[in-house]
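The values are calculated or read from the model by the stated rules, or taken from the named source; none is laboratory data. Because the structure is predicted, anything quoted here is derived from the model rather than measured. No Cβ is skipped: glycine too gets one built from the backbone with ideal geometry, and neighbour counts run over all protein chains shown.
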């Protein structure tokens, strides 16, 4: 099963996934949806949220999926 890496930025902080997780290609969208929902919820507890962007890279480093969510500011 291929490994994918989930890099996240919210305009103030960046996280580059160095470990990745093994997923089937069709599972990426659901995983990103869960990640964005969790991050938006956590960020709202700390401070107003702007845009959270998640880039999903494959093992070759190519971005294969990008998603964002707009929070409250």
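Restricted to region 28-59, and to residues there that are in a loop (DSSP other than H, G, I, E, B) and farther than 14 Å from residue 7 by Cα, the residue that is modelled with the lowest pLDDT is 49. Of the residues making up region 24-39, not one is over 13 Å from the mean Cα position of the chain (by Cα) and either surrounded by 16 or more Cβ atoms within 10 Å (Cβ to Cβ) or within 19 Å of residue 51 (Cα to Cα) (or both).
Please find, within region 3-23, the residue that is surrounded by the most Cβ atoms within 10 Å (Cβ to Cβ) out of those that are touching a helix residue (DSSP H, G or I) at 6+ places or on another chain (Cβ under 7 Å) and assigned to a loop (DSSP other than H, G, I, E, B). For region 3-23, the residue satisfying everything is 10.
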